Amino acid sequence: QLDEVLRAHVPLRERPSHESFKARAGCVMLYVSGTGGLKVLLVSSRRPGKEGSYSFPSGTEEPGEDSNDTALRETCEEAGIVAQTVADLGWYRSVAKTGLPVWSRFFLGRAVAQPQVWKEFGQRHRAWVSLLDARKRLSDQRPPSLAVLEVAERICSEMGTAWVESSFLRRPRKGIPAKLPWKRQLSGLTDLPTILSAEGSDTCDDSVDLQNSNLTFYYNQVGGHACLMKPTDSETVLKPINDGEAEFYDAMPERFPALLRFTPKYFGRIKVNAKANIHRVQGVSEKTRIWQSRWTSDDFQEFIVLEDLAHGLSTPCIMDIKMGCRQRSPQYSEAKKLHKARKHEDTTAPALGFRICGLQHMSEDLARDEANSSRRGSYDLTDEADGMVFKDKFWGKKLRQTDMAGVFAQWLPSSRPARDSLIRFFLARLRDLKQMLEALQGVRFWSGSILLVYDGQPVMESDHVAGATLRMLDFAHTAIVDGGREGAAQLPHAEYIVGVSNVMVFLEALLNDKSWDTIAKNLVDTPPIELEDLEVNHLAASMSKTRSPQISKSKSHDSGPEDDGLDSLPDCEV
């Protein structure tokens, strides 16, 4: 029956021979979720600026490969799914940007095994989405993508539910098979330098043991409560998991796509047995010892995997800005609410809508830096070995409004052309961010941060912007509000927006050499702090009656992407 259905719907089953062309192959991976819905696997682009673009895993045939081998290899390299082909969907023509004809052969595939780390781990995001959502995401791709999906849907429809479930409800193994289901073994799995060895089996443990050289403390961390971990030779960092934050990242591509260009790339979740085997660096700077000491009081086994925004920078200069007038969460007890309120009263947050949570920058003049910050006491650290100055949140809490222009000036390079170029870059990004936030109704980024980054040494040497970026971070307490005050669900996050506006005021003042008096006149007043208190209290009361998380993937929307794991496949975490 399958062969008859394929003959009826596959447009071209034989390899084209009437023209010269570039040959590609890929897989349409299907999976029947626990609720019975059919899901399809898509992977994000790794091209800069195209991170929100998705396609089927596919690639160019290599010498000595047939199309089946290419499709399976590319699926494993790009998506981390070891697959088996179920049916041949045939050949589809497109045209490359160079004008060269391209013929792509696609196969229906099912998952056999799901390594937690794969060759392009840290470069792509993988998502199992509904057929409806797949059509939306593939609409901007080359014509074959939608045509292939349509053929796959027709085959599944005619073969019936029993065939679909027997073909695609199979449970993958947790590790990497000793023998891969294609001819050429894939070095990308066996040579992973960071987390997973090639010795997979049906009984592989959910978590992954790490060798001492695999993980280190993330040296470029300037803020936060818990220590970030850095896999060696990777473009990612591991952040101790918070379920609310992980859910928000999972939901972002579908529910909040406008945020994607303002947040780090997210690659899912991973379990590691790290604490006993972490590579502790001895005889290093006080900054590293701070993060190592924090690890001793925590025992994290699960992490979210994020883009390392400082990767590839020779001297990362970083500023972590905590946004809002007060830290809030519907999960806080009354005692913790009072504690957070008192803690912020003596900071710049109530008046400016932001406070500095930590920073590091090049020390162009150690004596100058020490003199300028001597009144801050033991919270300033200068690592003379790498010429970097590090200041943490305790230092930031002591700052006053009148200090802020000087803080930005000291963090930015002293070269005027380089400083002005960076300021213009950050101002442009902040304007875009503000415009996006003003259009985002009902979302509250409580306790969220903005991270400013640039590469100090190239900027100093060439007076050009290098490695500069701006990203939103810290979504553990992000929430959707629907009450507490009139119209809450239709209002943007006012405190966050005011904070962004006032950061812009200080940067514009530096750009135009304005005095404190001018800055004070241009600062935007923060909204009454009680307004968002009403919202968070209403949300807390609602959550006490139901189990609803702050950000949840609505079960009434079958079109949304699931998290990187499949419904009944607990091992597929990244």
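The values are calculated or read from the model by the stated rules, or taken from the named source; none is laboratory data. Owing to the predicted nature of the structure, the values given are computational and were not obtained by experimental measurement. Quick reminder, even Gly has a Cβ in these numbers, built from the backbone with ideal geometry, and neighbours come from all protein chains shown. We work out accessible area using only protein heavy atoms, side chains counted, and drop any ligands, DNA or RNA first. Shrake-Rupley method; radii C 1.70, N 1.55, O 1.52, S 1.80 Å.
Residue by residue, here is whether (1) at pLDDT 95 or above; (2) part of a loop (DSSP other than H, G, I, E, B); (3) crowded, with 22+ Cβ neighbours inside 10 Å; (4) among the aliphatic types (A, V, I, L, M) holds:
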| position | (1), (2), (3), (4) |
| --- | --- |
| 482 | no, yes, no, no |
| 499 | yes, no, yes, no |
| 505 | yes, no, no, yes |
| 521 | yes, no, no, no |
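Buried (at least 24 other Cβ atoms within 10 Å of the Cβ) and under 28 Å from the mean Cα position of the chain (by Cα): does that describe residue 75? Answer is yes for this residue.
Within the range 56-73, residues that are part of a strand (DSSP E or B) reach partners that are of a type in the set (Val, Ile, Thr) with beta carbons closer than 7 Å, at six or more positions or on different chains, in the pairs 59/70. Of all residues being at negative phi and over 32 Å from the mean Cα position of the chain (by Cα) in the range 78-93, which is most open to solvent (accessible area, probe 1.4 Å)? Just the residue, please. Among those residues, the one meeting the criterion is 93.
Quick check, is residue 24 over 27 Å from residue 129 (Cβ atoms), surrounded by 10 or more Cβ atoms within 10 Å (Cβ to Cβ), in contact with a strand residue (DSSP E or B) (Cβ under 8 Å, 6 or more places away or on another chain) and of a type in the set (Lys, Arg)? For residue 24, the condition - over 27 Å from residue 129 (Cβ atoms), surrounded by 10 or more Cβ atoms within 10 Å (Cβ to Cβ), in contact with a strand residue (DSSP E or B) (Cβ under 8 Å, 6 or more places away or on another chain) and of a type in the set (Lys, Arg) - is not met.
Here residue 62 qualifies as of a type outside the set (Phe, Trp, Tyr), in contact with a Lys or Arg (Cβ under 9 Å, 6 or more places away or on another chain), modelled with pLDDT of 85 or more and more than 18 Å from residue 157 (Cα to Cα). When the range 485-497 is filtered for residues that are of a type outside the set (Lys, Arg), touching a Leu at 6+ places or on another chain (Cβ under 6 Å) and open to solvent by 30 Å² or more (accessible area, probe 1.4 Å), only 492 remains.
The residues of the range 230-275 that are buried (at least 18 other Cβ atoms within 10 Å of the Cβ), aliphatic (A, V, I, L, M) and farther than 26 Å from residue 331 by Cα, listed by number, are 237, 272, 274.
Go through (1) modelled with pLDDT of 80 or more; (2) more than 30 Å from residue 480 (Cα to Cα); (3) open to solvent by 70 Å² or more (accessible area, probe 1.4 Å) for residue 362 and report which single condition fails. So residue 362 meets the others, but not (3). For the range 96-103, the criterion of being in a helix (DSSP H, G or I), under 25 Å from residue 2 (Cα atoms) and modelled with pLDDT of 85 or more is met by none of the residues. Any residue at all in the range 49-61 that's under 29 Å from residue 161 (Cα atoms), open to solvent by 30 Å² or more (accessible area, probe 1.4 Å) and in contact with a Cys (Cβ under 9 Å, 6 or more places away or on another chain)? No, because not a single residue in the range 49-61 is under 29 Å from residue 161 (Cα atoms), open to solvent by 30 Å² or more (accessible area, probe 1.4 Å) and in contact with a Cys (Cβ under 9 Å, 6 or more places away or on another chain).
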